[in-house]
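**Student:** Sharing a structure below in structure tokens format, with a few things to ask.
The values are calculated or read from the model by the stated rules, or taken from the named source; none is laboratory data. Remember, predicted model here, so these are calculated numbers, not experimental data. Neighbour counts run over all protein chains shown; Cβ positions are idealised from the backbone, glycine included.
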Amino acid sequence: MPVVAITGASSGLGAHLAEEMARRGHSLGLVARRVDQLEAVRARVAAHGVPVAVAPADVTDPAATKAAFAALEAELGPIDVLVANAGVLGPMRDLRHLDLDSIRRTFEINVFGAIHAVDAVLPGMLDRDSGHLVVISSVAANRGLPKSAPYSASKAAISIFWEGLRVDLHRTGITCTTVHPGFVETAMTAKNDFPMPFLMNADRAARLMADAIEAKRRTLTYPWQMRWLERLMKVAPPVVFDHVMRSVDKR
Ligand SMILES: NC(=O)c1ccc[n+]([C@@H]2O[C@H](COP(=O)([O-])OP(=O)(O)OC[C@H]3O[C@@H](n4cnc5c(N)ncnc54)[C@H](OP(=O)(O)O)[C@@H]3O)[C@@H](O)[C@H]2O)c1
């Protein structure tokens, strides 16, 4: 039974993906900070009859992250799939007073948190010449979106990091998958006060991610409408991009 470890498993996409992977027969290791929520997810996952272990940790702390993954492996065996999902939005609202702590924290969690998780599992995967590294990035990784400069920049950084990993690991038995979700109904998006096109429910999102993980796809962008928008976003010249973003930001 393959072992899947998910960071940010206490809510939202991480929790839904944990349940979906359990439904498909995988063992689950769950990492996040909030112990009560993790225990609630553990109970839902265990109801599918698969082994599940919980290891509370803050992914910005490399030693704590390493210890959490070691605890999961002691209970479940070697981790076959890492899903680096823990993330925060860190919006940027006040341009006169940049919230440096919030910006730094966004990078600490979205970028270094994912890298700390890789650091914890990659040596073992290299020893076994097998494994799968998955990161939940965002369509925001493609361009600088309104009021989201820190978030977009952090997601761009981790998507590019993962792409570099994929290239470096191509002669090994380790696969890398980068996921770019559009808007999904979670606690993160519940705070948004702007229209969210093609908003998807978290169960459907989890099924799409589980399919991509099982198929060992290099990348996944969902929903399909966002896949097309992402292609357009990537090639739009700055003048066109700015015009579209200005009209989005006005609403
Ligand atoms: N929802 C969307 O529309 C959307 C779109 C694109 C990408 N994403 C990405 O999907 C991922 C999951 O987001 P979500 O929408 O499911 O949001 P969410 O419900 O707020 O979940 C975020 C998760 O990250 C964990 N987390 C945050 N900081 C952490 C830290 N320092 N250490 C360990 N865990 C931490 C939280 O757990 P604790 O608070 O318990 O630690 C929680 O489980 C994020 O990377 C996000 O950027 C979401």
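**Student:** Among (1) touching a strand residue (DSSP E or B) at 6+ places or on another chain (Cβ under 8 Å); (2) within 26 Å of A236 (Cβ to Cβ), which single condition is M125 missing?
**Tutor:** Going through the list (1) touching a strand residue (DSSP E or B) at 6+ places or on another chain (Cβ under 8 Å); (2) within 26 Å of A236 (Cβ to Cβ), M125 breaks only (2).
**Student:** Being more than 29 Å from L133 (Cα to Cα) and surrounded by 12 or more Cβ atoms within 10 Å (Cβ to Cβ) is the filter here, so list the residues in region 198-239 that pass it. Before the answer, list the steps.
**Tutor:** Going through region 198-239, the residues more than 29 Å from L133 (Cα to Cα) turn out to be 236-239.
Selection gives A236 alone.
**Student:** Might you check whether a residue that is surrounded by 22 or more Cβ atoms within 10 Å (Cβ to Cβ), among the hydroxyl-bearing types (S, T, Y) and either under 17 Å from the mean Cα position of the chain (by Cα) or modelled with pLDDT of 95 or more (or both) occurs anywhere in region 6-21?
**Tutor:** yes
**Student:** Still on this structure, I have one more. What about S27, is it more than 12 Å from the ligand (Cβ to nearest atom), out of contact with any Ser or Thr (no Cβ under 7 Å at 6 or more places or on another chain) and within 25 Å of I174 (Cβ to Cβ)? Even if it seems obvious, please write down each step before you answer.
**Tutor:** Details: more than 12 Å from the ligand (Cβ to nearest atom): yes; out of contact with any Ser or Thr (no Cβ under 7 Å at 6 or more places or on another chain): yes; within 25 Å of I174 (Cβ to Cβ): yes.
Judged against the criteria, S27 is a match.
**Student:** Out of everything in region 133-154 that is more than 9 Å from the ligand (Cβ to nearest atom), free of Cβ contacts under 8 Å to residues at least 60 places away in the same chain and assigned to a loop (DSSP other than H, G, I, E, B), what residue ends up being farthest from L89 (Cα to Cα)?
**Tutor:** Among residues in region 133-154 that are more than 9 Å from the ligand (Cβ to nearest atom), free of Cβ contacts under 8 Å to residues at least 60 places away in the same chain and assigned to a loop (DSSP other than H, G, I, E, B), the one farthest from L89 (Cα to Cα) is G144.
**Student:** So T172 ticks every box in (1) part of a loop (DSSP other than H, G, I, E, B); (2) within 16 Å of the ligand (Cβ to nearest atom) but one. Which box is left unticked?
**Tutor:** (2)
**Student:** Quick test for you: out of N142, N110, pick the one residue that is in contact with a Lys or Arg (Cβ under 8 Å, 6 or more places away or on another chain), at pLDDT 95 or above, farther than 24 Å from A215 by Cα and surrounded by 20 or more Cβ atoms within 10 Å (Cβ to Cβ).
**Tutor:** On the way: N142 fails: farther than 24 Å from A215 by Cα.
Matching residue, one of N142, N110: N110.
**Student:** Among the residues that make up region 94-108, is at least one of them under 12 Å from the mean Cα position of the chain (by Cα) and of a type outside the set (S, T, N, Q)? Give the steps one after another, and end with the answer.
**Tutor:** Initially, region 94-108 is screened for residues under 12 Å from the mean Cα position of the chain (by Cα), giving none.
No: zero hits.
**Student:** How many residues does region 30-56 hold that are farther than 18 Å from A120 by Cα and within 16 Å of the ligand (Cβ to nearest atom)?
**Tutor:** Here is the first cut: in region 30-56, the residues farther than 18 Å from A120 by Cα are 34-52.
Adding the requirement that they be within 16 Å of the ligand (Cβ to nearest atom) leaves 34-45, 52.
Residues that pass the stated criteria total 13.
**Student:** Which residue out of D203, D211 is more than 18 Å from K147 (Cβ to Cβ), out of contact with any Lys or Arg (no Cβ under 6 Å at 6 or more places or on another chain), more than 15 Å from the ligand (Cβ to nearest atom) and modelled with pLDDT of 95 or more?
**Tutor:** Details: D203 fails: more than 15 Å from the ligand (Cβ to nearest atom).
Residue meeting the stated conditions: D211.
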